[in-house]
1. Go through 201, 184, 139 for me and flag whichever is in contact with a helix residue (DSSP H, G or I) (Cβ under 7 Å, 6 or more places away or on another chain) and closer than 20 Å to residue 109 by Cβ.
2. Taking residue 223, is it buried (at least 19 other Cβ atoms within 10 Å of the Cβ) and within 26 Å of residue 55 (Cα to Cα)?
3. For segment 248-271, which residues satisfy the criterion of being at pLDDT 80 or above and over 30 Å from residue 64 (Cβ atoms)?
4. Looking at (1) free of Cβ contacts under 8 Å to residues at least 40 places away in the same chain; (2) under 24 Å from the mean Cα position of the chain (by Cα); (3) within 30 Å of residue 212 (Cβ to Cβ), which one does residue 187 not meet, given that it meets all the others?
5. Could you tell me whether residue 231 is exposed (fewer than 13 other Cβ atoms within 10 Å of the Cβ), free of Cβ contacts under 8 Å to residues at least 12 places away in the same chain and not in a helix (DSSP H, G or I)?
6. Restricting to segment 122-134, give me the number of residues that are more than 10 Å from residue 213 (Cβ to Cβ) and either more than 27 Å from the chain's Cα centre (by Cα) or crowded, with 16+ Cβ neighbours inside 10 Å (or both).
7. Taking the options 6, 97, 17, name whichever one is assigned to a helix (DSSP H, G or I), more than 19 Å from the chain's Cα centre (by Cα) and surrounded by fewer than 10 Cβ atoms within 10 Å (Cβ to Cβ).
8. For segment 102-121, does any single residue satisfy the condition of being at pLDDT 90 or above and more than 27 Å from the chain's Cα centre (by Cα)?
């Protein structure tokens, strides 16, 4: 077999490995049977029943809200941490600070969840906050472990950025805050978006840490799905997952269209600049 043919087979195998399970999930969301592995005919009844399943919808809304808030906090704190690592040079305690930032990347989630649970219990006994476990503790916990991923992304982007632009702006009299918001922030904006999306996905997908720090009335969607495995997953889960896939695919399509238009506009501007020169 030629090298090109082998690479094509590997490529198609990779695509099949990634997307065939998603296609099966979407297909079985239209299954008439209550059993998710037995096809008995086409039906959309599970989508109708999904709209009346208040516990499932509430868990989904809670997961989305927690993921959005924790991702936003992670971007803010992760940007500060990435700036400190990439711009402040060899300050005292840099090694310890870097190790503390990246520790959640390699620490098992069971250890992270247990340690956060002990922390929240101790804080409640000492200062009276947080008052029990719930949405607040889940948000703090998710921010804690997603912060590390955002900090690595931002630090990598800042390390590859040309610092002469910032130096030139400061030489012209711009204050550090203005340099950051006018020059640095627009340049690292793609990394901020990537970090936010990564943190959002990690928070939305987490079940181990949330199980430790959650309480009554704060069940997230992954926790509900995991608990339903013992009694059999309802096709309503397939319907919900299909809707989420549709939303994500729509977002990716819109982003691709916008990026393509911006690229074409940039090329037209370059051609006009060349012709004008």
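1. Values: 201 fails: in contact with a helix residue (DSSP H, G or I) (Cβ under 7 Å, 6 or more places away or on another chain); 184 fails: closer than 20 Å to residue 109 by Cβ.
Being in contact with a helix residue (DSSP H, G or I) (Cβ under 7 Å, 6 or more places away or on another chain) and closer than 20 Å to residue 109 by Cβ holds for just one of 201, 184, 139, which is 139.
2. Values: buried (at least 19 other Cβ atoms within 10 Å of the Cβ): yes; within 26 Å of residue 55 (Cα to Cα): yes.
So residue 223 fits the description; yes.
3. Let us first name the residues in segment 248-271 that are at pLDDT 80 or above, namely 248-254, 256-258, 260-261, 264-265, 267-268, 271.
Once the filter is applied, which keeps residues that are at pLDDT 80 or above and over 30 Å from residue 64 (Cβ atoms), segment 248-271 yields 264, 265, 267, 268, 271.
4. Looking at each condition in turn, residue 187 falls short on (3).
5. Working: exposed (fewer than 13 other Cβ atoms within 10 Å of the Cβ): yes; free of Cβ contacts under 8 Å to residues at least 12 places away in the same chain: yes; not in a helix (DSSP H, G or I): yes.
In short, yes.
6. Going through segment 122-134, the residues more than 10 Å from residue 213 (Cβ to Cβ) turn out to be 122-129, 131-132.
Then keep just the ones that are either more than 27 Å from the chain's Cα centre (by Cα) or crowded, with 16+ Cβ neighbours inside 10 Å (or both); that gives 122-129, 131.
Within segment 122-134, residues that are more than 10 Å from residue 213 (Cβ to Cβ) and either more than 27 Å from the chain's Cα centre (by Cα) or crowded, with 16+ Cβ neighbours inside 10 Å (or both) number 9.
7. Numbers: 6 fails: surrounded by fewer than 10 Cβ atoms within 10 Å (Cβ to Cβ); 97 fails: surrounded by fewer than 10 Cβ atoms within 10 Å (Cβ to Cβ).
Answer to the check: 17.
8. Yes - at least one qualifying residue is present in segment 102-121.
The values are calculated or read from the model by the stated rules, or taken from the named source; none is laboratory data. Worth saying up front: this structure is predicted, and the values here are computed from it rather than measured. Neighbour counts run over all protein chains shown; Cβ positions are idealised from the backbone, glycine included.
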